[in-house]
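Worksheet for the structure shown next.
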């Protein structure tokens, strides 16, 4: 099975007819491939369905084949590590002279891996798809602690390798209604 993943959420994916996994899909043919139910699915729903089908194909090709009911967080981690071979994000090793530099001045032999953001989005979609396909939330292998810890480890490793810190976005507080505030200069 051949699966391709690019690190940018705006780039298209290429793969064979058995599976299609991507960070996003903006191709017109993706919309045409949506089921003819009268309403068109959103890009997110189409991507979630493709990711779910790809994971199902991965389970079928697993040796020995796995059923979804026997799938655990360890199998999800195995799937994520498998996807790394199709990554397009350069992740510098600690021994690399460009380790910690956001824009390296020259090429290096460091491996290409899946970008943390792509993996994080994938797990979110698969977690939702699991429950939509009849899985119980408490048995969801995509929400396993080991998966969350792996994603955090990947994020931290890639941030250090690129010299970029990932900081949690701060929540925007809802603005107060302007009718409650006096006009400027009224006081």
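The values are calculated or read from the model by the stated rules, or taken from the named source; none is laboratory data. Keep in mind it's a predicted model, so treat the numbers as computed, not measured. In this analysis, Cβ positions are derived from the backbone assuming ideal geometry, glycine residues included, and neighbour counts consider all displayed protein chains.
Okay, residues lined up against (1) within 26 Å of residue 43 (Cα to Cα); (2) surrounded by 11 or more Cβ atoms within 10 Å (Cβ to Cβ); (3) modelled with pLDDT of 95 or more:
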position: 101; (1), (2), (3): no, yes, no
position: 106; (1), (2), (3): no, no, no
position: 134; (1), (2), (3): yes, no, no
position: 167; (1), (2), (3): no, no, no
position: 171; (1), (2), (3): yes, no, no
position: 184; (1), (2), (3): no, no, no
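Total residues in the stretch 89-140 satisfying the condition of being farther than 18 Å from residue 153 by Cα, in a helix (DSSP H, G or I) and touching a helix residue (DSSP H, G or I) at 6+ places or on another chain (Cβ under 7 Å): the figure is 8. With respect to (1) at pLDDT below 85; (2) part of a loop (DSSP other than H, G, I, E, B); (3) over 30 Å from residue 161 (Cα atoms), the lone exception for residue 29 is condition (2). Does the stretch 143-160 include one or more residues that are at pLDDT 70 or above, more than 30 Å from residue 72 (Cα to Cα) and surrounded by 15 or more Cβ atoms within 10 Å (Cβ to Cβ)? No, there is no match, as no residue in the stretch 143-160 is at pLDDT 70 or above, more than 30 Å from residue 72 (Cα to Cα) and surrounded by 15 or more Cβ atoms within 10 Å (Cβ to Cβ). Among the criteria (1) under 18 Å from residue 129 (Cα atoms); (2) in a loop (DSSP other than H, G, I, E, B), the one residue 63 does not fulfil is (1). For the stretch 66-86, the tally of residues that are in a loop (DSSP other than H, G, I, E, B) and at pLDDT below 90 stands at 2. On the stretch given as the stretch 39-67, residues that are surrounded by 15 or more Cβ atoms within 10 Å (Cβ to Cβ) and in contact with a helix residue (DSSP H, G or I) (Cβ under 7 Å, 6 or more places away or on another chain) total 9. Condition first: more than 22 Å from the chain's Cα centre (by Cα) and in contact (Cβ under 8 Å) with a residue 60 or more places away in the chain. Now tell me which residues in the stretch 97-137 satisfy that. Passing the criteria: 99, 100, 101.
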